[in-house]
Amino acid sequence: MRRIYLDYAATTPTHPEVVKAMLPYFTDIFGNPSSIYSYGQEAKGAIEEARVKVADLIGARGEEIVFTSGGTEADNFALKGVAFANESKGNHIITSPIEHHAVIETCRFLERRGFRITYLPVDEYGGIDPGDVKKAITDKTLLISVMQANNEMGTIEPIAEIGRIAREAGIYFHTDAVQTVGHIPVDVNELEVDLLSMSAHKLYGPKGVGVLYIKKGTKLVPFMHGGEQEKKRRASTENVPGIVGLGKAVELAQQDMGEEAERLTYLRDRLIKGLLERIDHSRLNGHPRKKRLPNNVNVSVDYVEGESMLLNLDLEGICASTGSACSSASLEPSHVLLALGLSPEQAHGSLRFSLGKWTSEEEIERVLEVLPRVIAKLRAMSPLLKSQK
Amino acid sequence: MRDVWSLYSEKVMEHFKNPRNVGEIENPDGIGHVGNPVCGDIMELYIKVNDSTIVDAKFKTFGCGAAIATSSMVTEMVKGKSIDEALEISNRAVAEALDGLPPIKMHCSVLAEEALKSAIDDYLAKSK
C-alpha cells in the first residue's frame with residue numbers, strides 16, 4: 001500500500017539534497033568548530049555560511065541569527081531570556097491563547113515565577129485584533145509574543161501591525177514563525193519583530209536544529225551557560241551537520257517558495273471544498289482563504305472522534321492528525337480549537353491535513369474518496385448522532 | 001516493525017476494525033450511558049435480560065480506538081452471563097481480553113466497565 005503523508009506540519013521528510021549536504025560533516029569534516037586546526041575551521045566556515053543563508057531568507061544580519069536545538073528551544077530562549085533580563089523594568093507579558101505549547105507552557109512557568117500574562121482574545125477564525133494588543137499594553141509590559149501562523153488551523157496573524165504597535169510602545173516583540181519560514185515570505189524588518197523562532201524540520205531540514213533571530217540590541221539572558229559559542233548566547237558545541245542541513249533547506253526553500261505556495265494553495269482549496277461537499281455536518285476550522293497557510297486543512301466532523309478517524313485513515317495508508325487528545329494525560333482536546341469557540345465534541349472531531357512538497361492531486365482525490373467512507377462507518381456507531389435525530 | 005511499534009495490540013485493532021454488537025436493542029431491559037464530551041468518550045450499552053441471564057448486548061460509542069474496542073469486547077464478554085457474573089467483569093479483565101491497552105488508554109476499559117454496570121443498574125431498578 002502506498003503511504004499518503006499529509007502531516008507536513010508535524011514534520012517534513014528531510015530533502016535528499018539536504019541529507020547529501022550534511023553527510024560530509026559527520027565524517028570528513030567532523031571537527032569541532034572551536035578548534036583551530038583546519039578540520040575545525042572548515043566546520044566553522046560551514047556554520048557561518050548557513051548563518052548567512054538563514055539571515056538572507058528573513059532579512060536579518062548574520063550576527064542576529066542564533067542556532068538552537070529547535071523551535072521549542074527558540075521559544076523558551078526568547079520568552080525566558082527577555083523576561084529574566086528585563087525584570088527590573090516590569091513583569092507583564094502579552095500573548096495569545098492559540099500559541100504552540102512551547103510558548104504557552106513557558107508563559108505558565110513565568111507566571112509561577114511572578115510574571116503576569118495576558119492572553120489576547122481571538123475571533124472565530126483564531127485571528128488577533130491588533131487593537132486588542134494595544135489595549136493590553138501597560139507600563140509594566142516587557143514582551144509581546146504572537147505566532148505568525150497557527151500550526152493547527154493555519155490562520156495567519158497580523159504580525160506587521162502588531163509589530164508596529166510594539167515598536168511604538170518600545171516593547172520587545174517575539175513571533176513563533178515555525179510554520180511560516182520557508183513557506184511564505186517572512187521579513188523581520190517588515191514584521192518589525194525583535195525575536196523570531198524557526199525550526200529546520202518544518203522546511204525539509206533535519207530535526208534537532210532551529211534558530212532564534214535576535215535583533216541587534218535586544219537584551220536577553222543566555223539560554224545556556226558554558227563555552228563561547230553563538231557569541232555566548234547559547235553555549236554548547238554546535239550541531240554542525242544539522243546547521244549545514246538547515247542552510248541547505250533554506251536555500252532550497254528560497255528557490256521555489258512562491259511557486260510551491262501557489263501549488264499547495266490550489267490543492268488545499270480542492271481538499272477543503274471536496275471535504276465540505278462530501279461530508280455533511282462538517283466545517284472548516286481557521287481562516288477560510290486569504291489569511292490561511294497554503295498547506296493547512298483543518299475540519300471538524302460532527303458525531304465522530306478524531307483518533308478513531310486517524311486509525312481508520314492509517315489503515316488505508318493515510319497519515320493525518322487531530323486536535324482530539326484521547327491519548328494525552330489531560331484528555332482535553334486542543335486548546336487552539338477550544339479558543340475558537342468550538343465545543344469539546346467538535347474539537348475532538350477535528351482532523352488536520354497538512355500538505356507538502358510531495359503531495360499530489362491524486363493523493364487529495366484518494367483522501368476525498370476514503371474519508372467519507374470512514375466517517376459513515378464511525379457515525380453508524382455514534383451515540384451522538386442518534387440523540388441529534 | 002509495524003506490529004511492534006503500533007499503539008495498540010493486534011486484538012484491539014481487530015475489534016476496532018470489526019467491532020462486534022454495534023447498534024441498539026429495541027426495548028432493552030437496561031441501558032448504560034457513560035462518559036462525557038470533554039474527555040472525548042461517550043458509551044451507550046444496551047442489554048437484553050432473560051431469566052437473570054444477559055442474552056444480548058449492543059453498544060454505540062463515540063471515542064478513540066480503545067473506546068470502540070473495549071465496548072466491542074465487553075459486549076462479547078457479557079453475553080450468556082448471569083447478572084451476578086456480569087457484575088464481576090472488571091476493567092482489567094476487559095483490557096486483558098484485548099491483550100492489554102496502553103497505560104494512557106486504561107480509562108477506556110474503566111468506561112466499558114462503568115457502562116456495563118450502569119446498564120445492569122438500570123435493569124435492576126426497572127425490574128424492582
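Placing +1 on the Cβ of each Lys and Arg and -1 on the Cβ of each Asp and Glu in the stretch A:189-232, which of A:211, A:201, A:226 has its Cα farthest towards the positive end of the resulting dipole?
About the Cα centre, the residue reaching furthest to the positive side is A:226.
Roughly how compact is the stretch A:16-252, stated as its Cα Rg over 2.2 N^0.38 Å to two decimals?
On the way: Rg = 17.7 Å, N = 237, 2.2 N^0.38 = 17.6 Å.
Compactness ratio reported: 1.01.
Using θ = phi - 60° and the Karplus curve 6.51 cos²θ - 1.76 cosθ + 1.60, what whole-Hz ³J(HN,Hα) does each residue of the stretch B:119-128 get, with Gly and Pro shown as x?
5, 5, 4, 4, 4, 4, 5, 5, 7, 5
Would you please classify the overall shape of the stretch A:1-94 from the alpha carbon gyration tensor, given that a ≥ b ≥ c denote the square roots of the eigenvalues, rounded means a/c under 1.5, and beyond that prolate means a/b larger than b/c while oblate covers the rest?
Oblate.
Using the crude model of +1 on Lys and Arg Cβ and -1 on Asp and Glu Cβ, and no other charge, please compute the dipole size for the stretch B:2-126 relative to its Cα centre, in debye to 20.
Roughly 340 debye for the stretch B:2-126.
Considering just Cα atoms, how many Å³ per residue does the convex hull of the protein assembly as shown enclose? List each step's numbers first, then the result.
Working: hull volume 85.8 nm³, N = 517.
Each residue corresponds to 166 Å³ of Cα convex hull volume.
Per DSSP helix of 4 or more residues, -39500 (n - 2.57); summed, then divided by the residues of chain A. What does that give at 222 nm, rounded to the nearest 500?
That comes out to -13000 deg cm²/dmol.
Among the listed pairs A:202/A:231; A:207/B:17; A:134/A:219, give every one whose C-alpha distance is greater than 30 Å. If you can, show how the numbers build up before the last one.
On the way: A:202/A:231 26 Å; A:207/B:17 34 Å; A:134/A:219 22 Å.
The answer is A:207/B:17.
About its Cα centre, what dipole magnitude does chain A give when the only charges are +1 on Lys and Arg Cβ and -1 on Asp and Glu Cβ, stated in debye to the nearest 20?
580
In chain A, if the dipole is taken from +1 on Lys/Arg beta carbons and -1 on Asp/Glu beta carbons about the Cα centre, which of A:106, A:38, A:22 is farthest to the positive end?
Comparing the listed Cα positions along the dipole, A:106 ranks first.
Estimate the FRET efficiency between residue A:365 and residue A:49 by the formula 1/(1 + (r/R0)^6), using the beta-carbon distance for r and 51 Å for R0, to the nearest 0.05.
Taking R0 as 51 Å, the efficiency between residue A:365 and residue A:49 is 0.75.
Which of A:86, A:257, A:378 sits closest to the plus end of the dipole of chain A, meaning its Cα is farthest towards the positive end, when Lys and Arg get +1 and Asp and Glu get -1 on the C-beta?
Working it through, the farthest residue towards the positive pole turns out to be A:86.
Could you pull out every Cys in chain B that lacks a partner Cys with its beta carbon under 4.7 Å away?
If one checks each Cβ against the other cysteines of chain B, B:39, B:108 turn up with nothing under 4.7 Å.
Rounded to the nearest 0.05, what FRET efficiency do residue A:219 and residue A:26 have when you use their Cβ-Cβ distance and R0 = 45 Å?
Numbers: r = 37 Å, r/R0 = 0.82.
Computed FRET efficiency for residue A:219 and residue A:26 comes out at 0.75.
Every number here is computed from the coordinates shown, using simple stated rules; none is lab data. Everything quoted here is computed from the prediction, not taken from an experiment. Positions of Cβ are generated from backbone atoms using ideal geometry, with glycine treated the same way; all protein chains shown enter the neighbour counts.
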